[in-house]
Amino acid sequence: MKPRILVLYFTQTGQLRHILDNILQDIKDKAELEYVAIEPVTPYPFPWKAVTFFDTMPETVQHLPIDIKPLPEHVMNGHYDLVVFGWQPWFLNPSLPITSFLQSPSAKVLSGKPVITVIGARNMWLHAQEKVKMYLEQVNAKLVANIALVDTNTNIISTLTVIRWSFTGRKEAKGLLPAAGVQEKDIQLAQRYGTPIFKHLTENKLDSLHQELMMIGSVKLNPALVLLEQKGIKNFRFWAKYIREKGGPGDPKRFGRVKQFKNLLIVAIFILSPLTALLAAIKLQLKKKSLLKDVAYFKRLKYEAGRI
Ligand SMILES: Cc1cc2nc3c(=O)[nH]c(=O)nc-3n(C[C@H](O)[C@H](O)[C@H](O)COP(=O)(O)O)c2cc1C
């Protein structure tokens, strides 16, 4: 009998679905794959309007759920040998549709199941994966591997292209800027993960899957980004609380603070972030040992609360 794999994901632009299709390309005839999209009741418009984009930050950072469509009955009652869970970060946290799903009754579908997380991000997903690990533990799911695909351009370039993509819908390269998102060649190369996944699943060796996938590059980490994320998440938490003091999503009373946050983020990215990167490089030398320990931790699957 073919193993049954549930492929659960949310995607706005289709990038994550494209990644999942490539990862599963070599096993799609050997396993029974059931793709199920997580869908907000009110979809987020794409491309984004700037005001909606930045106004989504507080609730994303505080994990305040939106309404999502419940998973179909046959999925909730289905038998699956493995779940592949595709998600993306928003504002250093899992996207709001993902945290909403993970807190909803539909998350029970993950209970007792082995889960592979697949991330399609710009380049900052560590804190968010910690939250996904936390939710998986809460529903008694077992994380058995993580595959993270990121945009490998520099931090500034990937920010510029993701902004252009998010606000205009234009992904392709233009002028001096490369295409936005995860590089197409890296998405194509993700096909290499399928066979080891199938082998470990059918040979009952899922416990050693993550190690094998890591050997072929499933998680690569830039230590400087660990420091940038640690700094960024503190600021986002402050701003989320500060904006919510004025009201909920879309409340005109909070627009002034949302605008301040937007301006600060732009300054932080384009002026402070090269400085922070420089400081991070210095810190990297001074605190190399502890930072390398952090890097090793974030590559692994174990969850320890409060690591970031
Ligand atoms: C509102 C918003 C916030 C985002 N924040 C982050 C982030 O904190 N870290 C990151 O690596 N990527 C971030 N991204 C990029 C997304 O993780 C993702 O790669 C991109 O939006 C494509 O996702 P899709 O799978 O929904 O098509 C953000 C995107 C959006 C729309």
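The values are calculated or read from the model by the stated rules, or taken from the named source; none is laboratory data. The model shown is predicted, which means the values in this text are computed figures rather than measured ones. Because the Cβ atoms are built from the backbone with ideal geometry, glycine has one as well, and the counts that use them run over all protein chains shown.
Tabulated data
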quantity: Conditions (1) farther than 18 Å from VAL51 by Cα; (2) part of a helix (DSSP H, G or I): number failed by LYS220; calculated: (2)
quantity: All positions within region 229-247 that are farther than 27 Å from ALA121 by Cα and either loosely packed, with under 15 Cβ neighbours inside 10 Å or touching a Phe, Trp or Tyr at 6+ places or on another chain (Cβ under 7 Å) (or both); calculated: GLU245, GLY247
quantity: Identity of the residue in region 16-47, in a helix (DSSP H, G or I) and in contact with a helix residue (DSSP H, G or I) (Cβ under 8 Å, 6 or more places away or on another chain), that ends up nearest to PRO89 (Cα to Cα); calculated: ILE19
quantity: Any chance ASP81 is within 26 Å of GLY112 (Cβ to Cβ), among the charged types (D, E, K, R) and touching a residue at least 40 places away in the same chain (Cβ under 8 Å); calculated: yes
quantity: Helices (runs of 4 or more DSSP H) fully within region 50-128 counting 1 or more residues that are within 16 Å of the ligand (Cβ to nearest atom); calculated: 50-55, 57-61, 96-102
quantity: Among (1) crowded, with 19+ Cβ neighbours inside 10 Å; (2) over 21 Å from ARG244 (Cα atoms); (3) of a type outside the set (A, V, I, L, M, F, W, C) - the single one PRO43 does not satisfy; calculated: (1)
quantity: Selection within region 172-197 - modelled with pLDDT of 95 or more, surrounded by fewer than 18 Cβ atoms within 10 Å (Cβ to Cβ) and assigned to a loop (DSSP other than H, G, I, E, B); calculated: GLU172, ALA173, PRO178, ALA179, GLN183
quantity: Region 29-57 residues that are among the polar types (S, T, N, Q), paired with ones that are within 12 Å of the ligand (Cβ to nearest atom) and assigned to a loop (DSSP other than H, G, I, E, B) (beta carbon under 7 Å, 6 or more apart); calculated: THR52/PRO45
quantity: Filter result (part of a helix (DSSP H, G or I) and over 24 Å from the mean Cα position of the chain (by Cα)) within region 232-262; calculated: TYR242, PRO252, LYS253, ARG254, PHE255, GLY256, ARG257, LYS259, GLN260
quantity: Near pairs, Cβ below 6 angstrom, 6+ apart or cross-chain, from region 148-172 (touching a residue at least 40 places away in the same chain (Cβ under 8 Å)) to any residue that is of a type in the set (Asp, Glu) and more than 9 Å from the ligand (Cβ to nearest atom); calculated: LEU149/ASP186
quantity: Residue within region 207-217 that is farther than 30 Å from MET1 by Cα and modelled with pLDDT under 95 present; calculated: no
